[in-house]
Amino acid sequence: MESATVGAAAAGTWTLGDREVRRLGFGAMRLTGNGMRGNSDGAPIDRARAVGLLRSAVEHGVNHIDTAAFYFSPLRSANELINSALAPYPDELVIVTKVGPGRDPSGEWLTMARPDQLRGQVEENLRQLGRDHLDVVNLRRNQMDSIAEHFGALAELREAGLIRQLGLSNVGPEHLAEARAIAPVVCVQNRYGLEHRTADANGLLDACREQGIAFVPFFAIAGDRREAAADGGHDERVIQVARAHGATPTQVRLAWTLHRGPHVLAIPGTSDPGHLRENIAAGGLELSAADLDRLAAPQR
């Protein structure tokens, strides 16, 4: 499909709290060389190219950017790149970050932050992004049975004006219920895609829809390859649908994600300007009922 003429608006919109965002957003992790793993999975792209990529995303209508202070490599920080590229920020731009896990300056992962340490993580994001408040902060659960103390600490920071809206990441339905008893939740960010559909099995996807909460998959286009680039192998179902539409397999995966419900957003990340345009164009790809049935068939 033609990627140059389709903007992020084609994917439609959803509301995060009091902010309307386009359902096709941008994930900043890959700008630092797959920062979740330090820098072991690829070198960060040139700084000027990263800044240009972020500006291009916004120029194509993206107004929802996902990031974290722990997305960094020895040479790049995702938050710093966002600040350099986009500040002063457009009024309609919503930046979503996450707290909970942390990394020391060398890149080594630390234990999950204690509830009393979350303010420091929030302030670190504020400094790096150059803001006096954060639009949305997701609590990233890390092997905790209960998130009440941590989410309660973030709710206090919301009351103090440091955070506008709260979300969750890597959670189950029980954690969502626990959090909603403390403060409103505007989004849930979990791993989800054609090959990993736990949110269907445990009812979380439907629960978010029923409660008006955005469901935001990560690794939606990488499949089982997680942080790996999205240009690897695809199964025959995806390839067949892509050929029928003159689209790429990655575009089909993104379109399938958006077809899972009006509350489902997508935050594909890339360090390639061409892939950025393809990803944004996927918001305009309409899949038929037959396409969706084919993609739902068992993998061969």
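Among the residues of the range 8-41, those that are surrounded by fewer than 17 Cβ atoms within 10 Å (Cβ to Cβ) and modelled with pLDDT under 95 comprise 18, 37, 40, 41. If a residue has to be farther than 25 Å from residue 284 by Cβ, in a helix (DSSP H, G or I) and among the β-branched types (Val, Ile, Thr) to count, how many in the range 46-104 make the cut? Residues that pass the stated criteria total 2. Among the residues making up the range 177-200, those that are modelled with pLDDT of 95 or more, of a type outside the set (Val, Ile, Thr) and more than 16 Å from residue 264 (Cα to Cα) are 177, 178, 179, 180, 181, 183, 184. Pairs linking a residue in the range 181-199 that is free of Cβ contacts under 8 Å to residues at least 12 places away in the same chain to a residue that is among the polar types (S, T, N, Q) and part of a strand (DSSP E or B), with Cβ atoms under 9 Å and 6 or more positions apart or on different chains, are 198/190. As a summary of the residue check, residue 289 satisfies the conditions (1) over 22 Å from residue 141 (Cα atoms); (2) at pLDDT 95 or above; (3) out of contact with any Leu (no Cβ under 6 Å at 6 or more places or on another chain); (4) crowded, with 19+ Cβ neighbours inside 10 Å except for the one numbered (4).
Kindly check whether there is at least one residue in the range 153-160 that is part of a loop (DSSP other than H, G, I, E, B) and in contact (Cβ under 8 Å) with a residue 24 or more places away in the chain. Write out each step before concluding.
Filtering the range 153-160 down to residues part of a loop (DSSP other than H, G, I, E, B) leaves 160.
Within this subset, residues satisfying the condition of being in contact (Cβ under 8 Å) with a residue 24 or more places away in the chain are none.
Looking through the range 153-160, none of the residues is part of a loop (DSSP other than H, G, I, E, B) and in contact (Cβ under 8 Å) with a residue 24 or more places away in the chain.
Of the set (1) assigned to a helix (DSSP H, G or I); (2) surrounded by 14 or more Cβ atoms within 10 Å (Cβ to Cβ), all apply to residue 116 but (2).
Name the residue, out of 233, 283, that is in contact with a strand residue (DSSP E or B) (Cβ under 7 Å, 6 or more places away or on another chain), farther than 23 Å from residue 44 by Cβ and either modelled with pLDDT under 95 or among the small types (Gly, Ala, Ser) (or both). Write out each step before concluding.
Numbers: 233 fails: in contact with a strand residue (DSSP E or B) (Cβ under 7 Å, 6 or more places away or on another chain).
After applying the criteria, what remains is 283.
Residue check: residue 146 meets all listed conditions (1) free of Cβ contacts under 8 Å to residues at least 60 places away in the same chain; (2) among the polar types (S, T, N, Q); (3) within 13 Å of residue 99 (Cα to Cα) but one, namely (3).
Select from the range 57-67 the residues that are touching a residue at least 24 places away in the same chain (Cβ under 8 Å) and either of a type in the set (A, V, I, L, M, F, W, C) or more than 17 Å from residue 80 (Cα to Cα) (or both) and list them in ascending order. Across the range 57-67, the qualifying residues are 57, 58, 60, 61, 62, 63, 65.
The values are calculated or read from the model by the stated rules, or taken from the named source; none is laboratory data. Not measured: the values here are computed from a predicted model. Neighbour counts run over all protein chains shown; Cβ positions are idealised from the backbone, glycine included.
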